[in-house]
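> Take a look at the following structure, please.
The values are calculated or read from the model by the stated rules, or taken from the named source; none is laboratory data. Note that the coordinates shown come from a computational prediction; the quantities given were computed from them, not determined experimentally. Ideal geometry is used to build each Cβ from the backbone, glycine not excepted, and the neighbour counts take in all protein chains shown.
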Amino acid sequence: MWPYGSGAIDTPTDAKVMLLPQRPYLPSGTLKTATCYPATADAHGDDSVRAALRLARLEPLARRTPPRGKLGPALVRGEQQRLAIARAILAQPDWLFLDEATAALDEALEGDLYRMLGETLPRTTIVSIGHRSTLVGPAPASFGDAARCEWRVYTGGGSGGGTGVESLLISAKNPATCGVFLSALRQCCSAGRY
């Protein structure tokens, strides 16, 4: 499948892993059902759901749609992405992978949400992939005491008007985790085969 390398990727036994894509899935039903997904709506209380929505900056949505009320008209992409962030808050995963999961948000809000995730999920290793300047540059205080490492690959920009930089941000309580990821990336990209 990937012709540039080989090997195995393992996760620690019983690790809870969660992926937040750029376009999150929204199940039909209530706001609570959509927020609790992939867990069932009865996995979390209404107060916990409201708190997660508030942390994900979706308080207006929570006010206009009670947790047990129907989700209503389609959410804009930024609301969908913040709903996925609320899911992560409820799920409390060991590993959280964000694949351009905040791309529809402005950079100020994106930075605020990364800081909040670092504070709210202190035991979670967060791996974020994206093209935004919030993932590139000096290490902000986004993740508190977590180790932070970055990997950037210049891709030449292309016609999409992007920065030409693919960025990977890893936040982990264990600095060795960053080293393992960067070592694997260097091996995969060593011949410019990104």
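> Taking Ala86, is it of a type in the set (A, V, I, L, M) and at pLDDT 90 or above?
yes
> So which residues in the range 64-103 are outside any helix (DSSP H, G or I), of a type outside the set (D, E, K, R) and either in contact with an Asp or Glu (Cβ under 6 Å, 6 or more places away or on another chain) or without any contact (Cβ under 8 Å) to a residue 60 or more places away in the chain (or both), if there are any at all?
Thr65, Pro66, Pro67, Gly69, Leu71, Gly72, Pro73, Ala74, Leu75, Val76, Thr102, listed by residue number.
> Continuing with this model, one more query. Mind listing whichever residues of the range 37-55 are within 20 Å of Gly118 (Cα to Cα) and without any contact (Cβ under 8 Å) to a residue 60 or more places away in the chain?
Ser48, Val49, Arg50, Ala51, Ala52, Leu53, Arg54
> Can you tell me which of Arg23, Arg64 is modelled with pLDDT of 90 or more and among the basic types (Lys, Arg)?
Step by step, each of Arg23, Arg64 is checked, and only Arg23 is modelled with pLDDT of 90 or more and among the basic types (Lys, Arg).
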